[in-house]
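> Structure in structure tokens, see below.
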Amino acid sequence: MKRTFFPLILLSLLMGRFLTGFAQEPVHVVIDANSTGKVISPLLFGHNLEHTRRAIWQGISAEMIDNRKFAATDCGLPIGWTTLTGKGITIDEKVAYAGNHSVRIENNEGTFCGIWQQHDWMAFRKDVKYAFRVWTKSDVDQTVHLQIVDRPGFHVVFSGETLAKAGDWQLWSGEFTSPVPVKGGRLEIRLTTPGILWIGAMSLMPADNFHGMRRDVVDLFKQLKPGCLRWPGGCFAEYYDWKDGLLPVDKRPPIGPGQWVGLLPDSHGYDNHEIGTDEFIALCRELNSAPAITIRYGEGSPEEAASWVEYCNRGVDTYWGKIRADRGHPEPFQVKYWYVGNEIWGMSLVKNKDPKFCTALSRHFTEAMMKADPGITPIRCAQFHDPAWQSEIIKEMTESPEFPELIQDGYYGPDYAGMTQMSKVPTMNILPSLISERQLLDQANTGKKRVGIAFYEWNTMWDRPGDVISGVFAAGMLNMFCREAENLKLELTGYFQPVTEGAIKVDPLTSEFEPDGQVFALFAPHQGNRLLKTSSMAADADIDLCASLAPDGKSIYVTVINRNTTHDRILELSLLNFSPQANVTAKFLIPLTQETGGEFVRQDENLKVSGGNNLILKLPPCTVVGMPISINIITKQ
């Protein structure tokens with residue numbers, strides 16, 4: 001995590017531990033420049049950006065207004081809002097702008113009437129420009145006032161008014177620069193003359209937002225280098241109607257409430273649909289990530305899914321391709337990866353979860369989507385941990401010559417446990433399960449194109465911040481993916497999930513890496529490199545390592561984990577058939593504690609190469625290391 005200072009005592013303790021004696025024999029690993037595997041695909045470093053909990057609101061979204069479309073209500077009032085006078089405010093279900101209703105302000109007495117909200121996310125930086133939008137409808141010409149002040153009310157951030165004319169919905173928008181820094185500001189909108197005003201939607205965010213997203217969060221996301229990005233879910237995908245995302249962002253109906261209370265508890269059960277297909281593709285291009293889209297399954301249809309494929313991938317000579325072009329995107333988005341539902345045996349809204357029925361239904365979806373674009377890669381659901389599902393999938397693979405190239409499987413790590421249980425799970429538990437699945441797939445697919453695996457969701461647990469436990473687990477998963485992808489035909493993976501649940505911590509005015517994010521940034525240099533085969537390591541070995549050779553052949557990158565939870569370890573690294581530079585800078589992530597909530601401290605160490613090709617690393621327990629090593633390859637004679 002980012003720190004402004006470290007107490008000298010803490011640094012002394014770390015350095016003392018780092019340089020002390022070691023309780024076990026050194027581990028010797030050989031890396032050979034002439035023993036190369038395949039290129040490490042960036043798709044192995046994928047992420048899931050799902051509209052759940054605080055991933056969007058209070059996460060990547062730049063929006064500062066809570067319940068901005070007034071979807072969530074209680075006792076006839078919008079949740080998150082308070083009436084100025086205790087009266088005159090109702091939910092009007094006959095007049096709607098975004099969704100099914102609007103807020104009605106009726107100022108019968110002619111004094112003043114309105115609504116306000118105050119919370120920590122109403123936060124402003126001094127001299128930063130902000131933009132607001134208010135959609136109103138009025139029965140008479142009347143003046144509408146908008147004011148934002150700090151928590152005590154001593155400083156005015158913004159004060160303005162507009163004339164709302166009688167008639168249809170109209171937009172009041174503007175920009176202002178905050179004259180003071182504010183945390184926990186108060187926003188209010190009010191009438192001071194008799195009349196009725198309906199508010200359909202409001203918005204407030206920094207003016208420099210990236211398609212409605214926070215630039216600081218997007219910039220951190222870039223450093224994670226997600227090779228692919230899966231959206232809009234997960235479980236949330238079952239509630240997502242992609243065509244609603246073509247509406248202007250303020251007009252899009254809020255999504256919710258879902259059947260599962262764990263989806264959106266932090267935004268009163270609703271998502272305000274800030275990110276649609278166009279915004280998602282813009283984010284993928286900004287991150288240089290391959291987009292991967294999950295279609296809704298239970299309440300969707302093959303035709304709906306096919307139209308989404310057509311919108312994303314076809315030319316202007318098609319119905320939906322022309323609509324995309326008319327919206328300012330003449331070139332196809334070229335979305336290759338499409339998930340045919342998500343966990344259809346579990347959280348899916350499909351009513352009939354019989355494996356035989358769902359397998360046939362998935363085939364209909366796949367056929368329709370591939371008819372819209374034969375070049376896509378559909379990713380079918382498979383529940384390989386259930387014999388009934390396994391049987392149906394295997395049967396269809398055997399009988400169908402058009403079975404998809406990729407099949408999805410994924411799960412979190414075991415129930416969230418301490419470091420002792422979690423540090424070696426990637427190689428001792430998850431890898432054997434993947435190997436078993438690979439064997440089943442190959443046995444069923446004899447003589448046909450080998451079906452790949454999309455490991456679509458992985459983490460220690462959802463709805464938790466990252467810590468050292470999840471960070472060491474993530475490091476082990478990434479090392480394992482890089483080493484085993486070729487044998488497993490593992491095509492892409494998806495970490496769940498980057499924003500506010502392990503990788504990026506977001507506060508009202510700041511954002512920073514959590515431990516998992518630090519690990520992803522440390523491992524990113526492997527992407528596009530060629531795997532270097534190393535001396536074998538047991539599944540329960542303390543040292544876990546991966547090495548790769550850069551495309552230009554001028555450097556290698558090594559990532560190492562000491563998975564021992566109690567003892568320091570020494571790693572003796574022998575570099576064959578290349579000569580490294582005399583000094584190597586190793587980047588260490590050292591745990592401050594292994595307890596739940598623990599963090600890494602980042603420390604760089606200069607290591608000397610001995611004997612021309614040997615490196616010795618001293619690794620405290622549960623430390624993660626990344627080493628770029630500049631080299632000269634020694635060619636075979």
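The values are calculated or read from the model by the stated rules, or taken from the named source; none is laboratory data. What you see is a predicted model, and the numbers here were worked out from it, not measured in a lab. Neighbour counts are summed over all protein chains in view; Cβ atoms, including those assigned to glycine, are modelled from backbone coordinates with ideal geometry. For accessibility, only protein heavy atoms count, side chains too; no ligands or nucleic acids. Shrake-Rupley method; radii C 1.70, N 1.55, O 1.52, S 1.80 Å.
> What is the spread of the Cα atoms of the range 468-615 along each of their three principal axes, largest first, in whole Å?
Sorted largest first, the three principal extents are 50, 34, 32 Å.
> Note the direction-averaged projected area, equal to a quarter of the hull surface, for the Cα convex hull of the range 433-481, in nm².
If I average the Cα hull's projected area over directions, I get 4.3 nm².
> Summarise the accessible area of the chain (1.4 Å probe, protein heavy atoms) by the percent that is carbon and sulfur.
For the chain, the apolar C and S fraction of the accessible surface comes to 51 percent.
> Let me ask something additional. Roughly how many Å² of Trp116 are accessible to a 1.4 Å probe, to the nearest 10?
50 Å²
> Tell me, Kirkwood radius of the range 95-163 from alpha-carbon pair distances, in Å?
14.7 Å
> Toward the positive end of the charge dipole of the range 87-158, about the Cα centre and with charges on Cβ (Lys, Arg +1; Asp, Glu -1), which of Val128, Val95, His145 goes farthest?
Val128
> Let me ask something additional. Rounded to two decimal places and with Rh computed the Kirkwood way over Cα pairs, what is Rg over Rh for the range 21-95?
Ratio of gyration radius to Kirkwood radius: 1.44.
> For the chain, what does the helix formula give at 222 nm: sum of -39500 (n - 2.57) over DSSP H segments with n ≥ 4, over the residue count, nearest 500 deg cm²/dmol?
That comes out to -6500 deg cm²/dmol.
> In square nanometres, what is one fourth of the surface area of the convex hull spanned by the alpha carbons of the chain?
In nm², the orientation-averaged hull projection of the chain is 32.3.
> Where the convex hull is taken over the Cα atoms of the range 289-359, what is its projected area averaged over directions, in nm²?
So the mean shadow area of the Cα hull is 5.6 nm².
> Enter the accessible area per residue of the range 66-135 (Å², integer; probe 1.4 Å; all protein chains in place).
46 Å²
> To check my understanding: the extent here is largest minus smallest coordinate of the Cα atoms along each principal axis. What are those three numbers for the range 192-318, in Å, largest first?
54, 38, 37
> Of Ile590, Pro525, Ser511, which is farthest along the charge dipole of the range 487-600 in the positive direction, counting Lys and Arg as +1 and Asp and Glu as -1 at C-beta?
Pro525
> Related question: At R0 = 51 Å, how high is the FRET efficiency between Asn487 and Asp317 if r is their beta carbon distance? Nearest 0.05 is fine.
0.75
> To the nearest whole percent, what portion of all C-alpha pairs in the range 496-583 is separated by more than 16 angstrom?
67 percent
> Ok, one more. Please give me, ordered by residue number, the GluC sites (Glu not before Pro) of the range 551-637 that lie in loop per DSSP and have at most 16 other Cβ atoms within 10 Å.
Answer in residue order: Glu595.
> Using the 2.2 N^0.38 Å rule of thumb for compact globular proteins, work out how the range 322-397 stacks up: its C-alpha Rg over that value, please.
1.34
> Projecting each Cα onto the charge dipole of the range 191-253 (Lys/Arg +1, Asp/Glu -1 at the beta carbon, about the Cα centre), which of Phe210, Gln223, Thr193 comes out farthest on the positive side?
Gln223
> Given the range 138-225, what whole percent of its Cα pairs are spread farther than 16 Å?
Percent of Cα pairs beyond 16 Å in the range 138-225: 65.
> Tell me the accessible surface of Phe132 in square angstrom (1.4 angstrom probe, heavy atoms of protein chains only), to the nearest ten.
10 Å²
> Using the heavy atoms of the protein chains alone and a 1.4 angstrom probe, what is the accessible area of the range 434-480 per residue in square angstrom?
Dividing the accessible area of the range 434-480 by its residue count gives 31 Å².
> Work the Kirkwood hydrodynamic radius out for the range 40-133: mean of 1/r over every pair of different alpha-carbon atoms, inverted, in Å.
Over the range 40-133, the inverse of the mean reciprocal pair distance is 16.3 Å.
> Separation of the range 135-150 and the range 163-226 by C-alpha centroid, Å?
Answer, in whole Å: 14.
> Given a cut-off of under 8 Å on Cα pairs at least six residues apart, what relative contact order in percent is computed for the range 85-126?
35 percent
> Treating the beta-carbon of each Lys and Arg as +1 and of each Asp and Glu as -1, no other charges, what is the dipole magnitude of the chain about its Cα centre, to the nearest 20 debye?
That gives the chain a dipole magnitude of about 1160 debye.
> Starting from the Kirkwood Rh over alpha-carbon pairs, what translational D in µm² s⁻¹ does the range 539-637 have by Stokes-Einstein at 25 °C and 0.890 mPa s?
Diffusion coefficient, whole number: 171 µm²/s.
> Another question, then. Rounded to whole Å, give me the distance from the Cα center of the range 236-285 to that of the range 513-552.
What the calculation gives is 35 Å, centre to centre.
> Oh, and also: Work out which helices of the chain, taken as complete DSSP H runs, extend at least 24 Å along their axis over the Cα atoms and score a mean Kyte-Doolittle of 1.6 or more, then list them.
The qualifying helices: there are none.
> Roughly how many Å is it from the Cα centre of the range 84-101 to that of the range 560-625, as a whole number?
Between the Cα centres of the range 84-101 and the range 560-625 lies a distance of 60 Å.
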